[in-house]
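Since the structure comes first, as C-alpha cells, the remarks are kept for the end.
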Amino acid sequence: MIRAARALPLLLVLPALLTACGTENARSGPGPAASGSGQAAAGSSQEPASAAPGKAEMDERLRALGIAPELVYVTEVPGFTIAQQSIGVNGDDGFSASYWAKSGAILHLYAERGSAADCPQDHVCRAPAKGQVVRLYGEKVTPDVLRRAADAIRRPTPGELVPLLPAPRTGTAPVQRGDLPPNGDGAPDNSVPGSS
C-alpha cells in the first residue's frame with residue numbers, strides 16, 4: 001500500500017512531463033529569428049536577432065586581435081571550408097585565412113593595404129577598395145579555382161564572423177603562473193621535487 005502511494009504522485013506528474021517534451025521544432029541552423037529581421041519568430045523561444053553581436057562589437061574584437069576591420073574579406077569556393085585556426089593578422093593590420101578541401105588542397109587569402117599592381121606571379125589579386133588588396137594563393141589548387149575564389153571575395157557580415165573569431169576576453173587580470181619564482185629573473189622553475 002505504501003509503495004502504491006509513493007508511485008501515485010509520479011504517475012500524476014508523468015503526463016505533464018511528456019506533454020512538455022518535444023514541443024520545440026528542431027532546427028539545424030539559425031532560423032528566421034537569426035536572419036537579421038530584428039524580431040523573434042512567433043512562438044519562438046529564441047531571443048531577438050538584436051542579441052547577436054553587431055558591427056561595432058565585431059570591429060572591436062577584430063581590433064583587439066590587431067586586425068583592421070576594413071581589411072577583413074572572405075570568399076566562397078565549392079568544396080572548401082574555412083579553417084578557424086588559420087584566421088589571424090597579416091602584416092601590420094591585415095587579415096589572413098585559409099580554406100581547405102578534403103582533397104588536400106589549401107587556399108590562402110591575404111588582405112592588406114596596397115595595390116593589386118604588385119601581385120606575385122603565382123597569386124591572384126583583387127583590389128576591392130582603394131588602397132586595399134586581397135591576394136589568393138593555393139596549394140594543389142588550379143588557376144581556375146583561384147580565379148573563382150577571387151571573384152567571390154566579399155566583406156563578411158558580423159554574424160559570419162562570430163564563429164570564426166576567438167571569444168572575447170572576459171577578464172583583465174593577468175594569468176597567475178605557479179612556476180615563477182618569487183625573486184630572481186622570473187624564469188620558470190622546471191625542477192622536479194625530490195631530485196638534486
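Restricting attention to segment 67-90, the residues being loosely packed, with under 14 Cβ neighbours inside 10 Å and farther than 21 Å from G159 by Cβ number 2. Of the strands (runs of 3 or more DSSP E) lying entirely inside segment 81-180, the ones with 2 or more residues being touching a residue at least 24 places away in the same chain (Cβ under 8 Å) and over 24 Å from the mean Cα position of the chain (by Cα) are found at 124-126.
Just a yes or no: is a residue in segment 167-177 exposed (fewer than 14 other Cβ atoms within 10 Å of the Cβ) and modelled with pLDDT of 95 or more?
Narrowing segment 167-177 to residues exposed (fewer than 14 other Cβ atoms within 10 Å of the Cβ): 167-177.
In the following step, the residues that additionally are modelled with pLDDT of 95 or more were identified as none.
No, there is no match, as no residue in segment 167-177 is exposed (fewer than 14 other Cβ atoms within 10 Å of the Cβ) and modelled with pLDDT of 95 or more.
Residues in segment 149-167 that are of a type outside the set (A, V, I, L, M, F, W, C) and more than 20 Å from S115 (Cα to Cα): P156, T157, P158, G159, E160, P163, P166.
Would it be correct to say that G38 is surrounded by fewer than 17 Cβ atoms within 10 Å (Cβ to Cβ) and either modelled with pLDDT of 50 or more or not in a loop (DSSP other than H, G, I, E, B) (or both)? Taking the combined requirement at face value, the residue does not satisfy it. Is there a residue being at pLDDT 50 or above, out of contact with any helix residue (DSSP H, G or I) (no Cβ under 8 Å at 6 or more places or on another chain), within 26 Å of E139 (Cα to Cα) and among the polar types (S, T, N, Q) anywhere in segment 69-77? Checked segment 69-77: no residue is at pLDDT 50 or above, out of contact with any helix residue (DSSP H, G or I) (no Cβ under 8 Å at 6 or more places or on another chain), within 26 Å of E139 (Cα to Cα) and among the polar types (S, T, N, Q). The residue that is farthest from V141 (Cα to Cα), counting only those in segment 91-111 that are crowded, with 18+ Cβ neighbours inside 10 Å and aliphatic (A, V, I, L, M), is A111.
The values are calculated or read from the model by the stated rules, or taken from the named source; none is laboratory data. No experiment lies behind these values; they were computed from the predicted model shown. Virtual Cβ from ideal backbone geometry, glycine too; neighbours counted across all protein chains shown.
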